[in-house]
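*Asks:* Here it is, the structure in full.
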Amino acid sequence: MLVYVYKSSKKQQTYLYVLQKDNFEDVPKPLMQTFGTPTFVMILALQKRQKLAQVDIDKLTTELNSNGFYLQLPPPDEDLLKAHKQSQIKNKG
């Protein structure tokens with residue numbers, strides 16, 4: 001299965017995977033408005049991969065087959081203050 005990957009012009013680290021190049025018919029219009037103008041990034045051959053860096057291939061394949069697209073959102077921001085406080089508690093105990 002070939003997958004076409006596009007990055008968002010409006011949202012950093014946000015990617016859209018579709019089954020046909022430049023075909024966004026299956027993507028809801030409100031999502032496309034939020035996503036902005038898609039910028040082509042790459043073609044992936046999923047059958048040659050066992051894993052991707054930030055995407056579960058099984059979830060990606062399921063979403064593509066059922067919805068015709070997959071939206072990859074950026075990882076949540078790390079709460080550095082919370083992490084620091086937890087490390088302080090561990091160091092005291």
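The values are calculated or read from the model by the stated rules, or taken from the named source; none is laboratory data. Bear in mind that the values here come from a model prediction, so they are computed numbers and not experimental data. Cβ atoms come from the backbone with ideal geometry, glycine included; neighbour counts cover every protein chain shown.
*Asks:* Take the conditions among the basic types (Lys, Arg), assigned to a helix (DSSP H, G or I) and loosely packed, with under 10 Cβ neighbours inside 10 Å and apply them to residue 85. Does it pass? Steps first, answer last, please.
*Replies:* On the way: among the basic types (Lys, Arg): yes; assigned to a helix (DSSP H, G or I): yes; loosely packed, with under 10 Cβ neighbours inside 10 Å: no.
No.
*Asks:* Any residue at all in the stretch 45-60 that's β-branched (Val, Ile, Thr) and in contact (Cβ under 8 Å) with a residue 60 or more places away in the chain? Don't jump to the end; show me each part of the working.
*Replies:* First, the residues of the stretch 45-60 that are β-branched (Val, Ile, Thr): 55, 57.
Filter again for in contact (Cβ under 8 Å) with a residue 60 or more places away in the chain, leaving none.
So far as the stretch 45-60 goes, no, none of its residues is β-branched (Val, Ile, Thr) and in contact (Cβ under 8 Å) with a residue 60 or more places away in the chain.
*Asks:* Inspect the stretch 72-85 for any residue being under 20 Å from residue 16 (Cβ atoms), of a type outside the set (Val, Ile, Thr), touching a Leu at 6+ places or on another chain (Cβ under 7 Å) and at pLDDT 90 or above and give the result as yes or no.
*Replies:* no
*Asks:* A follow-up question, please. Looking for something outside any helix (DSSP H, G or I), of a type in the set (A, V, I, L, M, F, W, C) and in contact with a Ser or Thr (Cβ under 8 Å, 6 or more places away or on another chain) - is there at least one such residue anywhere in the stretch 31-45? Can you show your working first?
*Replies:* Initial filter on the stretch 31-45 (outside any helix (DSSP H, G or I)): 36-45.
Restricting the remaining residues to those that are of a type in the set (A, V, I, L, M, F, W, C) gives 40-45.
Within this subset, residues satisfying the condition of being in contact with a Ser or Thr (Cβ under 8 Å, 6 or more places away or on another chain) are none.
No: zero hits.
*Asks:* Looking only at residues in the stretch 72-93 that are within 30 Å of residue 57 (Cβ to Cβ) and free of Cβ contacts under 8 Å to residues at least 12 places away in the same chain, which one is farthest from the chain's Cα centre (by Cα)?
*Replies:* Step one: of the stretch 72-93, the residues within 30 Å of residue 57 (Cβ to Cβ) are 72-79, 83.
Imposing the further condition that a residue be free of Cβ contacts under 8 Å to residues at least 12 places away in the same chain reduces the set to 76-79, 83.
Numbers: 76: 12, 77: 15, 78: 18, 79: 21, 83: 25 Å.
The extreme case among them is 83.
*Asks:* Return the residues of the stretch 21-38 that are farther than 23 Å from residue 77 by Cβ, surrounded by 12 or more Cβ atoms within 10 Å (Cβ to Cβ) and touching a strand residue (DSSP E or B) at 6+ places or on another chain (Cβ under 7 Å); say none if nothing qualifies.
*Replies:* Listed by number, the residues that qualify are 24, 26, 27, 38.
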